[in-house]
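These notes are about the structure you will find just below.
Please treat every number below as a calculation from the coordinates, not as lab data. None of these values were measured; they are calculated from a predicted model. Methodologically, a virtual Cβ is constructed for each residue, glycine included, from the backbone with ideal geometry; neighbour enumeration extends over all protein chains shown.
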Amino acid sequence: MPAPILELANVRAAYGKIEVLHGVDLVVPEGSVVALLGPNGGGKTTTLKVASGQMAATAGCVHLAGRHVNGATADALARMGVCTIPEGRGIFPNLTVRENLRMVTFAGGGLSEVEDVAYTRFPRLGERRHQLAGTMSGGEQQMLAMARGLATDPALLLLDELSMGLAPLIVEQLYEIVAQIAAEGVSILVVEQFARTVLGVADYAAIMLHGRVTSVGQPADLEEELSAAYLGASH
């Protein structure tokens, strides 16, 4: 297994007095796609929040490329190469596609370069560049969120429920793009409730239940657990 770009060791986290992560151990090897799977309420999104600096761990260690980053802010981790694409996409619906992409340039870089990269990877965004983002389809909005995130040239991409509310065919297309991004050397941690599509591009999978990672391995090695009813084997 390659050296980890992200490592969580015995991480605990809480909302107020309610602990929701009970000693999470998770590794994202450099250049790999890791799928974090399990039912709602298991702690998957909270794990992403801790990994991205949106939420502080109450115990345990968070390492990014071997560096201890407990307590680092979300913007500090973003400058270190962490990019989060949250559930619900997080675009600006009242701005055009082009204006959404312009927002990335405040972190450095020119609009023409950002647009070139975005429209090459997502040609449909080029066709919609003057359209208000909120009037596009859910799949197109997810493409815009990904294009905007990738414009920051991240080392680690955190994806939360990429498939949420989207048709299976669109989800399949988006995960083909995820595979392309991984092939370019970006490490990816992707949270999904339904396992099937993401496992086609994942190098490793981790199953999370009740605030703990209960199984880790290559997708084929976890077939029995992944077929369990709580994961939605038909999806």
What residues of the stretch 33-72 lie in the reach of a label at residue 87, counting those whose backbone N is under 12 Å from a point 7 Å from the Cα along Cα→Cβ?
38-49
Calculate, in nm to one decimal, what residue 70 and residue 99 gain on full extension: separation in residues at 0.36 nm each, minus their alpha carbon distance.
7.0 nm
Going by how many other Cβ atoms sit within 10 Å of their own, how do 137, 215, 163 line up, fewest first?
137, 215, 163
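For a footprinting-style exposure proxy, rank 143, 55, 103 by other Cβ within 10 Å, fewest first. Walk me through the numbers on the way to the answer.
On the way: 143 26, 55 19, 103 14.
Listed from fewest to most nearby Cβ atoms, that is 103, 55, 143.
So, with +1 on the Cβ of K and R and -1 on the Cβ of D and E, and no other charges, what is the size of the charge dipole of the stretch 92-153 about its Cα centre, to the nearest 20 debye?
Roughly 140 debye for the stretch 92-153.
Where Lys and Arg each count +1 and Asp and Glu each count -1, what net charge lies around residue 20 among other residues with Cβ under 14 Å from its Cβ?
+4
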Can you put 225, 184, 115 in order of Cβ neighbours within 10 angstrom, beginning with the fewest?
184, 225, 115
For the stretch 202-212, Karplus-derived ³J(HN,Hα) couplings (6.51, -1.76, 1.60; θ = phi - 60°; whole Hz; x for glycine and proline) come out as 7, 7, 9, 9, 10, 9, 10, 9, 6, x, 9
Trypsin sites (Lys or Arg not before Pro) in the stretch 14-50 lying in a DSSP loop, each with at most 15 other Cβ atoms within 10 Å of its Cβ, come to 17
In nanometres, what is the gap between the two model label sites at residue 212 and residue 10, each 7 Å from Cα along Cα-to-Cβ?
1.5
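If I require 20 Å or longer along the helix axis, counting alpha carbons, and a Kyte-Doolittle average no lower than -0.5, what helices from the chain are left? Use full DSSP H segments.
168-183
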Once a ≥ b ≥ c are taken as the square roots of the eigenvalues of the Cα gyration tensor of the stretch 127-181, is the result rounded (a/c under 1.5), prolate (a/b larger than b/c) or oblate (a/b not larger than b/c)?
oblate
Got a sec to turn the phi values of the stretch 122-134 into Karplus ³J(HN,Hα) couplings, 6.51 cos²θ - 1.76 cosθ + 1.60 with θ = phi - 60°, whole Hz, x for Gly and Pro?
10, x, 5, 5, x, 5, 9, 4, 9, 8, 5, 4, x
If I build a Gaussian network model for the chain, linking alpha-carbon pairs within less than 10 angstrom, which residue out of 188, 177, 18 has the largest mean-square fluctuation?
18
